[in-house]
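Since the structure comes first, as structure tokens, the remarks are kept for the end.
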Amino acid sequence: MPLALLALAVSAFGIGTTEFVMMGLLPNVADDLGTSVPTAGYLVSAYAIGVVVGAPLLTALGSRVPRRRMLVLLMALFTVGNLASALAPSFGPLVAARVLAGLPHGAFFGVGAVVAARLVAEERRARAVATMFLGLTIANIIGVPVATLLGQHLGWRATFLVVAGIGVVAMAAIARLVPQVPLDQQGGLRRELGALRDRQVLLGLLTAVFGFAGVFAVYSYLASMMTEVTGLAESSVTVVLALFGIGMTLGALAAGPLTDRALRPTLYGSLAALAAVLLLFDVTVHTTWAALATVVVLGAVGFMTTTPLQMLVMNKARSAPTLASASNHSAFNLANAGGAWLGGVAIAAGWGWTSPTLVGAALALIGLAIALLAGRLDRTPEEPSRVVATSESLPRMSEVN
């Protein structure tokens, strides 16, 4: 594995930690800033807004910036956002800081995925992208629980100071380990926007919005489901979230080689499995051991959708994949927000704590239907890891530097 992938994974670890840790710190933040927990929940939405807006905006603004420099600048913005979160004097500035911290998220993963794919041989590109995403999954196993405990014992501000420190380390690692990536002289914003209008790219983004929403329809209420229905103590919630993170990691490890071998079948299979597991969870949630096992499997099949979706939009964007790759993360965050909202609507309607599992299954099936439609409309021979360069003459990254 190229050491550059390690630098990208470290960055992903920091991003994943700051994205999800707020869910565990909401009571602490609410008490410290004199607001309610539901109001403090806007801090989760603020980060998501930053991701949705920042992914296409920053990618477009940086379309002519060398890729390594762009990655360093994005991590610098991430670091500033987390430092501003730690120093925020009141709730309003903290909301603004969370938006700022979220801005580079999608752009970083978009640019990083393109760079990661160029670091290895063509037949291993999906595995390289999945390796970068491992940092995000490991953040859910280690980063989020540890950061939550740190915030509970030393104050939530300490958590964001530590995450800012991870950002500094990531910047240094990228600057030292990631090779220079030559830009296509024929590229630019117009070419990137043109690639984004491709029908297959748009269908891929739509698949992400609906398919991944099925995951967050349940994940957003997982803690409540496990305490209210399964009967676990609140102190066990951290373990449950870590189990979900373990499943995510297993899914990422499996998705890379499977996507390299057969992209669309991997996508179809993961979405179908996601719908099936969500339906099964409606039954297993009532039994402790079965519920915990299902949480691991849910994390695995849910995250198995991310790599094929990422590679799909990059491949279909052909010679200008960066903006499409970044926009995919806007789609994922729309899925996060939409899934959480629809799951909440089901609970508020009186359908019970397990109703988000049925909502999630329906969303996953819609995502599968869109993916199948896209596959039927696609007449291009399938080449899972084919095009992620911006020029036919672009050298392999192992030959650069």
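Mean projection of the Cα convex hull over all viewing directions, computed for the range 124-278: 12.4 nm².
For the range 51-169, what is the per residue volume of the convex hull drawn over the alpha-carbon atoms, in cubic angstrom?
Given the Cα convex hull of the range 51-169, per-residue volume reads 107 Å³.
Work out, step by step, the length gained on full extension between W351 and S36: first 0.36 nm times the residue separation, then minus their alpha carbon distance; give nm to one decimal.
Details: separation 315, 0.36 × 315 = 113.40 nm, distance 2.52 nm.
Difference between extended and current length: 110.9 nm.
Roughly how many percent of the accessible protein surface of the chain is carbon and sulfur, given a 1.4 Å probe and a whole-percent answer? Carbon and sulfur together cover 67 percent of it.
When you count, for each residue, the other Cβ atoms within 10 Å and take the mean per peptide, how do 93-100, 364-371, 147-154, 327-334 rank with the highest first?
Numbers: 93-100: 20.9, 364-371: 22.9, 147-154: 16.9, 327-334: 25.8.
Listed from highest to lowest mean packing, they are 327-334, 364-371, 93-100, 147-154.
Packing, taken as the mean count of other beta carbons within 10 Å per residue, orders the peptides 131-138, 254-261 from highest to lowest as 131-138, 254-261. Remark: the Q152-L373 segment gains 74.8 nm on full extension, using 0.36 nm per residue and subtracting the alpha carbon distance. Can you tell which of N28, A86, V65 lies farthest toward the positive end of the dipole of the range 27-175, using +1 and -1 charges on the Cβ of basic and acidic side chains (Lys, Arg; Asp, Glu)? Looking along the dipole axis, the top candidate is V65.
Suppose we look only past 22 Å in the calculated P(r) of the range 277-360. What percent of the Cα-Cα pairs does that tail hold?
That fraction is 42 percent.
If I take all pairs of Cα atoms in the chain, what percentage of them are more than 27 Å from each other? Summing the P(r) tail past 27 Å for the chain gives 46 percent.
The modelled label-to-label distance between A233 and L3, using points 7 Å beyond Cα along the C-beta direction, is 4.6 nm. Modelled this way, with points 7 Å down the Cα-to-C-beta line, the labels at V168 and L61 are 2.4 nm from one another. Determine, at each q value in 0.10, 0.15, 0.16 (inverse angstroms), the log₁₀ of I(q)/I(0) that the Debye formula gives when each Cα of the range 1-118 is one equal point scatterer. Calculated log10 I(q)/I(0) at the listed q: -0.32, -0.65, -0.73.
For the chain, return all DSSP H helices satisfying: extent of Cα atoms along own axis at least 24 Å; mean Kyte-Doolittle hydropathy at least -0.5.
Details: long enough: 3-33 (42 Å, 1.39); 42-61 (27 Å, 1.86); 67-87 (30 Å, 1.16); 91-118 (42 Å, 1.29); 156-177 (32 Å, 1.70); 199-219 (30 Å, 1.65); 237-261 (36 Å, 1.39); 263-284 (31 Å, 1.43); 322-348 (39 Å, 0.67); 355-377 (34 Å, 1.82).
Counting only whole DSSP H runs, the qualifying helices are 3-33, 42-61, 67-87, 91-118, 156-177, 199-219, 237-261, 263-284, 322-348, 355-377.
Label zone of R199 (point 7 Å out along Cα→Cβ, amide N under 19 Å): in the range 296-329 this covers 312-319.
The alpha carbon gyration tensor of the range 1-68 gives principal lengths a ≥ b ≥ c with a/c of 1.5 or higher and a/b no greater than b/c, which makes the shape oblate. Just so you know, the Cα atoms of the range 238-284 work out to an Rg and Dmax of 12.5, 35 Å. For the pair L87 and A262 in one chain, pulling the backbone fully straight at 0.36 nm per residue adds 58.3 nm over the alpha carbon distance.
Treating each Cα of the range 211-345 as an identical point scatterer and summing with the Debye formula, the log10 of I(q)/I(0) at q = 0.19 Å⁻¹ comes to -1.08.
So, by mean Cβ neighbours within 10 angstrom, what's the order for 282-293, 79-90 with the highest one leading?
Working: 282-293: 15.9, 79-90: 18.9.
The peptides rank, most packed first, as 79-90, 282-293.
The values are calculated or read from the model by the stated rules, or taken from the named source; none is laboratory data. Note that the coordinates shown come from a computational prediction; the quantities given were computed from them, not determined experimentally. Quick reminder, even Gly has a Cβ in these numbers, built from the backbone with ideal geometry, and neighbours come from all protein chains shown. Keep in mind that these areas ignore ligands, DNA and RNA; they rest on the heavy atoms of the full protein, side chains included. Shrake-Rupley method; radii C 1.70, N 1.55, O 1.52, S 1.80 Å.
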